[in-house]
Amino acid sequence: MESEQGDLKNALERLADNPAPRAAVIGWPVEHSRSPLIHTSWLKRYGLNGSYDRLAVPIDKAEETFRNFPETRLIGANVTIPFKEVAFQACDVVDEIGKTLKAVNTVWLENGQLHGTNTDMYGFLANLDDQSPGWDERKRHAVIIGAGGAARACVYGMIQRGFQIVSVINRTLERGEELSADFGDSVKAFGFEDLALRLKNADILVNTTSLGMHGQPPLQVPLTSAPGHMVVCDIVYVPLKTPLLRDARMQGFRTVDGLGMLLHQAVPGFELWYGVRPQVDTRLRGLVLKDLGLKS
Ligand code: ATR
């Protein structure tokens, strides 16, 4: 938090020299990204003189782009797939969260150096706090399905909130074990055959895989094994109500959809680049839902 405030102070000093900061989302491809919609909506709402664009960078030019970032004439950027690891390697300074997640999704220039962080964990936790206040009252056991980059952010979030045990369920056990090895004894890896047993005393279940996404098979979860107080969160947001969330809702569990993670993860970057901490509210959510062609 202290470092976030330090970053903000520096951002405000930079703004004094740069009255119309330019930021962008960098990826390949970037057409699908909703970040320009989110950031330009905030720029307009707060009456700020800045801009936010898309910057499509071919794979073989990515590292060079981050290493020579001042040449882009951007004050900072969001980094999307497939460059989060490249940006992590290329930044001059990466904070503790970026180092833990081994991936960077937000960069900014400071004294000519490229700084990087990862706001996925912040977005994940802020979304849960927003949609299901008190979700972390019981901190005994979290069950996370998947072992990719998104799972890493969620696992770290659970540790930050003081969960005693985090079970990682993954199709490829070795990948789950690799993830758990990075986080110490409280994180343990299992295959899907252990899911029902792990759910027996789970306080929260999170899907971080693409299962349940439009065009993908649904994720099968034996929800009847779980206690009634368990919160069910899906980071997939197309569709907004995934088959997992529908089932969970029907069985009386509290549910949290994934759209808020996308919205909240954008907050720290906007504050760093433009100097105002923006609000995630129903208006922004409605705007992005409409753009995605989704029903609330
Ligand atoms: P991200 O970085 O966005 O989290 P990723 O690194 O591609 O994406 O990870 C995707 C996750 O979804 C992985 O845990 C993957 O399981 P494997 O490690 O076994 O590949 C999981 N996943 C994807 N498709 C799946 C499927 N059909 N069944 C089960 N798990 C699946």
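Structure notes:
- Residues satisfying the stated conditions in region 97-125, i.e. under 22 Å from D182 (Cα atoms) and without any contact (Cβ under 8 Å) to a residue 24 or more places away in the chain: G98, K99
- Restricting region 184-197 to residues that are within 14 Å of V155 (Cβ to Cβ) and outside any loop (DSSP other than H, G, I, E, B) leaves a set whose member that is least open to solvent (accessible area, probe 1.4 Å) is V187.
- Of everything listed in (1) on the phi > 0 side of the Ramachandran plot; (2) within 16 Å of the ligand (Cβ to nearest atom), the single unmet condition for G184 is (2).
- Of the residues making up region 162-181, those that are open to solvent by 60 Å² or more (accessible area, probe 1.4 Å) and away from the ligand (no atom under 13 Å from the Cβ) are Q164, I165, A181.
- Of all residue pairs spaced 6 or more apart or on separate chains, those with beta-carbon atoms under 8 Å, a first member in region 159-172 that is of a type in the set (K, R) and a second member that is open to solvent by 60 Å² or more (accessible area, probe 1.4 Å) are R161/K139; R171/F192.
- Matching helices (runs of 4 or more DSSP H) fully within region 61-176 where at least 2 residues are over 25 Å from L240 (Cα atoms): 62-67, 84-90, 96-101, 149-160
The values are calculated or read from the model by the stated rules, or taken from the named source; none is laboratory data. This one's a predicted model, so the numbers in the text were calculated from it and none came from an experiment. Using ideal geometry, Cβ is built from the backbone for each residue, glycine included, and neighbour counts are taken over all protein chains shown. SASA here: full protein model, heavy atoms, side chains in, ligands and nucleic acids out. Shrake-Rupley method; radii C 1.70, N 1.55, O 1.52, S 1.80 Å.
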